[in-house]
Protein chains: 2
Amino acid sequence: MKSIKIVTAAMLAIGDELLSGRTKDKNIAYLADFLTVHGIDLKEVRIVADEQSAIVAAVNALRQSYDLVFTSGGIGPTHDDITAGAIAAAFEVPIDHDPKAVEILEKYYMGTDYELTPARMRMARIPEGASLIANSISGAPGFKLENVHVMAGVPPIFQAMLAEVSPTLAGGTKMLSEAIDCPFGEGTIGDPLAEIQKQNPETAIGSYPRREGGRFTTQLVVKSRNVKALDKAMGEIRNMLDKLAKQ
Amino acid sequence: MKSIKIVTAAMLAIGDELLSGRTKDKNIAYLADFLTVHGIDLKEVRIVADEQSAIVAAVNALRQSYDLVFTSGGIGPTHDDITAGAIAAAFEVPIDHDPKAVEILEKYYMGTDYELTPARMRMARIPEGASLIANSISGAPGFKLENVHVMAGVPPIFQAMLAEVSPTLAGGTKMLSEAIDCPFGEGTIGDPLAEIQKQNPETAIGSYPRREGGRFTTQLVVKSRNVKALDKAMGEIRNMLDKLAKQ
């Protein structure tokens with residue numbers, strides 16, 4: 001029996017616009033998929049406003065509770081981009097223009113029609129002790145401080161930064177997952193499914209109701225880090241569905 | 001000068017499927033829009049798994065920090081629907097079949113081809129002291145305990161329950177908001193915009209970068225509870241954009 005390694009993660013999405021409904025977040029679902037592929041369990045997500053006290057409280061809670069933390073948003077050049085300063089405050093370290101980050105910005109803007117304004121120079125402010133996360137799209141880097149990865153909120157840049165950190169992430173034993181579409185509503189399968197869950201403690205069986213055309217159907221998802229346990233539970237669920245179909 | 005009343009809210013979305021990427025949440029953005037219309041400030045969102053300890057910790061943190069809390073998910077008939085029990089645990093009150101909820105389910109299922117199975121009866125388990133939130137779509141109610149509104153995760157049902165609680169929500173002074181599309185990137189407007197924000201402390205000016213066709217544009221959003229302050233800041237932003245367009 002192989003030993004099982006579990007790596008946990010949390011995400012902190014930062015931005016007033018996500019809380020006012022003005023912007024529909026796209027990064028949470030992307031990160032969720034990304035981490036699942038890497039065998040990392042996303043355990044919690046928080047969304048907070050562009051307020052230093054809220055960011056500090058959330059980052060400190062999450063970085064102490066989970067192996068990895070990923071943030072999105074608030075690292076651009078405008079006055080409401082306060083994430084870098086808030087991360088420095090959370091770690092109680094100073095923040096200043098980072099020579100490597102300045103060099104990256106100088107090179108990047110040299111190749112464009114834009115000037116490296118004081119506003120853009122804000123994007124070179126990096127907390128002491130952090131390492132940079134390259135931004136292959138628009139120059140200005142994210143950064144990593146201990147287990148916290150600080151990334152942009154604009155989805156293509158968030159995704160490019162994730163690709164950058166991807167090789168550095170040590171994943172855990174992969175969670176295996178199989179899904180089965182079930183034509184019955186949850187109320188119909190609830191009792192026998194609960195019994196199958198009880199008999200298969202090495203699996204987590206999820207039941208996700210859908211309402212389509214005025215009636216409920218269900219998607220059943222079985223997850224396990226042990227392929228034999230997964231197969232056994234899936235077999236029992238198929239038997240249950242066969243029996244219900246004959247009733 | 002009218003006095004300003006601020007009402008704060010938080011959301012807790014519950015469900016493994018949101019964290020694995022299997023389901024893209026639709027309720028957060030809907031609630032964000034809904035609360036904005038009601039003059040209620042959504043200040044924080046959390047997403048946690050179907051684990052009692054995670055739900056209890058999040059509910060207790062949020063209900064003590066904000067005026068109103070709204071949860072989604074985990075109140076269906078299957079074994080992985082553990083929200084009602086977790087809310088009871090968070091409030092340290094007992095939970096049992098609620099006579100009114102049982103009556104609702106009996107009436108609802110009498111009108112359908114389905115039986116009121118033990119699994120479906122789970123949906124009548126309501127923490128002591130809670131009042132019910134009607135479900136105009138599929139019978140099984142949500143509930144309200146003190147400032148916490150516990151609702152379904154299936155989006156049409158979540159929305160129907162929100163409509164139900166809507167008349168009971170005392171909103172605050174409405175946050176006014178105006179947006180302006182700006183053809184410049186954040187790096188270009190960052191410095192003059194920071195100055196405008198400094199001169200207009202009664203407003204919150206947000207800057208939201210978009211990357212389209214390989215270049216950045218920005219949406220600027222000015223928010224204030226004071227219409228005169230809003231108009232003044234918007235005028236200064238329009239002047240700034242005119243000046244930049246002439247450069």
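Each reported figure results from applying straightforward, stated rules to the coordinates on display, with no laboratory input. Since the model is a prediction, treat every value here as computed from it, not as a measurement. Please note: Cβ atoms are built from the backbone with ideal geometry, for glycine as well, and neighbour counts cover all protein chains shown.
Couple of notes before you dig in:
- Normalised contact order of the range B:111-247, rounded percent, pairs of Cα under 8 Å and 6 or more residues apart: 18
- Taking Cα atoms only, the orientation of helix B:155-165 departs from the longest principal axis of chain B by about 90 degrees.
- Rounded to the nearest 20 debye, dipole of chain B from Cβ charges on Lys, Arg, Asp, Glu: 1020
- When each of A:K43/A:K223; B:K174/B:K243; B:K174/B:K223; A:K26/A:K174; A:K144/A:K174; A:K24/A:K144 is checked by Cα-Cα distance, pairs over 21 Å: B:K174/B:K243; A:K26/A:K174; A:K144/A:K174; A:K24/A:K144
- Whole-Hz ³J(HN,Hα) from phi, Karplus 6.51 cos²θ - 1.76 cosθ + 1.60, for the range B:145-152, glycine and proline x: 10, 6, 9, 9, 9, 9, 10, 6
- Among the residues of A:211-221, the average count of other protein chain beta-carbon atoms within 10 Å of the residue beta-carbon is 3.
- The range B:238-244 - phi-based ³J(HN,Hα) in whole Hz, Karplus 6.51/-1.76/1.60, Gly and Pro as x: 4, 4, 4, 5, 4, 4, 5
- Most fluctuating residue given options B:N27, B:N135, B:N200, as computed from a GNM of chain B linking Cα atoms under 10 Å: B:N200
- Applying both filters, DSSP loop and at most 16 other Cβ atoms within 10 Å, to the GluC sites (Glu not before Pro) of the range A:156-207 gives A:E202.
- FRET efficiency for the B:T117 to B:R211 pair, using the beta carbon distance and R₀ = 56 Å, is estimated at 0.65.
- Summarising the amide proton neighbourhood of B:T218: residues at separation of 5 or more, or on other chains, whose placed amide H is nearer than 5 Å comprise B:C182, B:F184, B:R210.
- Charge-dipole axis of the range A:6-140 as Lys and Arg at +1 and Asp and Glu at -1 on Cβ define it, positive-most pick from A:G76, A:V48, A:A89: A:V48
- Phi to ³J(HN,Hα) by Karplus 6.51 cos²θ - 1.76 cosθ + 1.60 over the range B:105-116, Hz, x for Gly, Pro: 5, 4, 4, 4, 6, 4, x, 10, 7, 9, 9, 7
- Other residues with beta-carbon under 14 Å from the beta-carbon of A:I95 carry, at +1 per Lys or Arg and -1 per Asp or Glu, a net charge of -3.
- Point-charge dipole on Cβ atoms (K/R +1, D/E -1) for the range B:151-247, about Cα centre, debye to 20: 100
- Relative contact order computed over chain B (Cα-Cα under 8 Å; 6+ residues apart), in percent: 17
- Counting only other chain Cβ atoms within 10 Å of each residue's Cβ, the peptide B:21-32 averages 6.
- Mean residue ellipticity at 222 nm, helices only, chain B: -12000 deg cm²/dmol; runs of at least 4 DSSP H residues each add -39,500 (n - 2.57), and the sum is divided by the number of residues.
- Peptides B:72-85, B:100-113, A:214-227, B:55-68 ranked from most to least packed, by the mean per-residue count of other Cβ atoms within 10 Å: B:72-85, B:55-68, A:214-227, B:100-113.
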